[in-house]
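The values are calculated or read from the model by the stated rules, or taken from the named source; none is laboratory data. The structure displayed is predicted, hence computed values, not measured ones. No Cβ is skipped: glycine too gets one built from the backbone with ideal geometry, and neighbour counts run over all protein chains shown. Please note that ligands, DNA and RNA were not included when accessible areas were found on the heavy atoms of the full protein model with its side chains. Shrake-Rupley method; radii C 1.70, N 1.55, O 1.52, S 1.80 Å.
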Amino acid sequence: MSNAPKNQEGQAIWSQDKEHFIHPYTDYATFKEEGSHVISEGSGNYLTDADGNRYLDTIAGLWCTNIGHGRTEMADAIAEQVMKMEYCNPFGHSTNEPGSVLAAKLAELAPGDLNHVFYTCGGSTANDAAIRLVHFYNNQRGKPNKKKIISRMDAYHGSTYIAANLTGIHGTKYSFDRIADEWVEHISPANMYRRPVGAEDLSEDAFCDFLVAEFENRILQLGPDNVAAFIAEPVMGAGGVLVAPKGYHRRMRDICTQYDMLYIADEVVTAFGRLGHWFASEAVYDCVPDIIVSAKGISSGYIPLGAAIISSKVYDVISQPQCEGGLLSMGFTYSGHPVACAAALKNIEIIEREKLNENVQALTPYFYELANGLMDISVVGDVRGSHFMMAIEFVTDRRDKVSFPAEADISNRIYQHCLARGMIIRPLGNQIVLSPPLTLTQDDVERLFTVLRESILAAWNDINEAGLLE
Ligand SMILES: Cc1ncc(COP(=O)(O)O)c(C=O)c1O
């Protein structure tokens, strides 16, 4: 089915896009015919397409427009900074005002002694920078063999070469090279719904013991002197919104400390309110990492920005003068871009002033009450998540957790039915993901689950009518 708009102007954009724009994660089996759905405007919790159809945006762009769309005061803050000073050199001993003020603000908001900020242009580059800094840190400490990074299957850490190698989602690897096999290791995800063989029937506590033991065994196998860090999302996002068993992150942190490893929390999705706090690591999971990686919600997607926020312990080592003439030789032209940092400062001001963290906390019980209500539909296998991060997984048999066959295309069908009813969700394999703006209202929540229920039932009906399960 073509995504071409009905009006001529929209059609021209649709064609230009189809011919020239290489999109992230595109399915070329269908793209060349269907093209993209052209979105033209955003306001509050709603997006409008090129034909003027309005949609409740239940995924906040892509886990990022935390303060909602089309904020005039964001536009003003951005314009003001452009007019005042749009750019200057951030290398060496030259800086700009918003970059410096934001770094201090991030240090204030981040837990523990995470007081130093290395800026990038997004989440992948922030993860990449974090890993380079970890390696540099160990070289500086005279531990040049301590390089391996333990990540998790199903983790998503981005799309630069290193971030893609840290990523553990099987489907992202096909035909791409793995350049970091020597120093990237993957252990089991903390998936409570679909557990690894041998852990299927364990209690939550025993499953946590299982995962922690697997981690420690891997470190011992590799040799603690060779292992530099563990990287984990507080709640795994693109891997299916997986909430770890209670105590998991704290225990993984303790193991890192025991083996002189660093704990990197990839909070690209979870920070800036998505879990009802500035950062989830300590506030939700009682875990103070050595590095927090942030992007997305840091500027609510108004301007690209990423940051690796580093502990004083690490900073004290990496900021030692090296050999004569030696520099901390990494950074980007746009590190600490003044316009992006001004946008982030305004974004933080809005989240504070409008008490959006509190809004997430207050709406969470209702959000999950209505979501759990969907369990009366037989194909809803699991509703899971934390605060404004949720996945709903669909199965043909709830008891045996049997996934839908690929040709049933269940999540895309639900997506299409939601679109037809004025709502955007995110289809993801046999799941759909919800990650709404923090500005969601109680009425929006009601609408969301009314539309979702209708769409799930309509998709299920289509699949049955087409005889796709026979
Ligand atoms: C947890 C996590 N880390 C890193 C990234 C990569 O961020 P970016 O796409 O800004 O490079 C993402 C993107 O979705 C993410 O979800």
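Considering only DSSP states other than H, G, I, E and B, which trypsin sites (Lys or Arg not before Pro) in region 84-146 qualify as loop sites with at most 12 other Cβ atoms within 10 Å? Before the final figure, lay out the partial values.
Values: sites: 84, 105, 132, 141, 146; in loops: 141, 146.
Answer in residue order: no site qualifies.
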Apply the Debye scattering formula to region 193-263, with a single equal point scatterer on each alpha-carbon and no solvent, then give log10 I(q)/I(0) at q = 0.15, 0.22 Å⁻¹. -0.53, -1.05
Using heavy-atom solvent-accessible surface (probe 1.4 Å) with all chains present, what is the largest-first order of 441, 167? 441, 167
Straight-line reach from residue 401: which aspartates and glutamates have a Cα under 20 Å away, not including same-chain ones fewer than 8 places off? 154, 200, 201, 204, 376, 382, 393, 409, 470
Sorted largest first, the Cα spans of the chain on the principal axes come out in Å as 72, 60, 44
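Please compute the length gained on full extension between residue 260 and residue 80, using 0.36 nm multiplied by the number of residues separating them and subtracting their Cα-Cα distance. Walk me through the numbers on the way to the answer.
Working: separation 180, 0.36 × 180 = 64.80 nm, distance 4.55 nm.
Contour length minus Cα-Cα distance gives 60.2 nm.
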Counting only DSSP loop positions in region 162-251, the trypsin sites (Lys or Arg not before Pro) whose Cβ has at most 15 other Cβ atoms within 10 Å are 173, 178, 194, 246
Would you mind working out the magnitude of the charge dipole of region 73-353 relative to its Cα centre, with +1 at each Lys and Arg C-beta and -1 at each Asp and Glu C-beta, to the nearest 20 Debye? 320
Please identify every one of the trypsin sites (Lys or Arg not before Pro) in region 259-364 that sits in a loop by DSSP and has no more than 13 other beta carbons within 10 Å of its own beta carbon. 355
Mean shadow area of region 333-470, taken as a quarter of the surface of its Cα convex hull (nm²): 10.9
In whole percent, what relative contact order does region 88-194 give with Cα contacts below 8 Å and a gap of six or more residues? 19
Suppose every Lys and Arg Cβ carries +1 and every Asp and Glu Cβ carries -1, with no other charges. What dipole size does the chain come out with about its Cα centre, to the nearest 20 debye? 720
Net charge within 15 Å of residue 422 by Cβ-Cβ distance, Lys/Arg positive one each and Asp/Glu negative one each, not counting residue 422 itself? -4
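Taking the Cβ of residue 117 as the centre, find all other residues whose Cβ is under 12 Å away and add up their charges (Lys, Arg: +1; Asp, Glu: -1). All intermediate terms of the calculation are to be shown ahead of the outcome.
Details: positive: 105; negative: 108.
Net charge around residue 117: 0.
Nearest 500 deg cm²/dmol is fine: what mean residue ellipticity at 222 nm does the chain get from its DSSP H runs of n ≥ 4 alone, each adding -39,500 (n - 2.57), divided by its residue count? Show your work: numbers first, answer last.
Details: 15 runs with 184 residues, N = 470.
Rounded to the nearest 500, the figure is -12000 deg cm²/dmol.
Mean separation of Cα pairs under 8 Å and 6+ residues apart, divided by the residue count of region 73-353: what relative contact order is that in percent?
Working: 510 pairs, mean separation 82.3, N = 281.
Over region 73-353, the number comes to 29 percent.
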Restricting to Cα pairs below 8 Å that are 6+ residues apart, what does the relative contact order work out to for the chain? Please round to a whole percent. 20
Out of 163, 433, 75 - ranked by how far each Cα lies towards the positive end of the dipole of the chain, with unit charges on the beta-carbon of charged residues - the top one is 163
Put 272, 118, 332 in order of accessible area, largest first, probe 1.4 Å, and you get 332, 118, 272
For region 73-353, what's the radius of gyration and Dmax over Cα atoms, in angstrom? 18.8, 61
Using the structure shown, select from 84/296; 84/313; 148/296; 32/346 the pairs with a Cα to Cα distance greater than 29 angstrom. 84/313; 32/346
Just the accessible area for residue 48, please: 1.4 Å probe, Å², rounded to the nearest 10? 30
For residue 155, distant residues with modelled amide H under 5 Å away: 168, 169
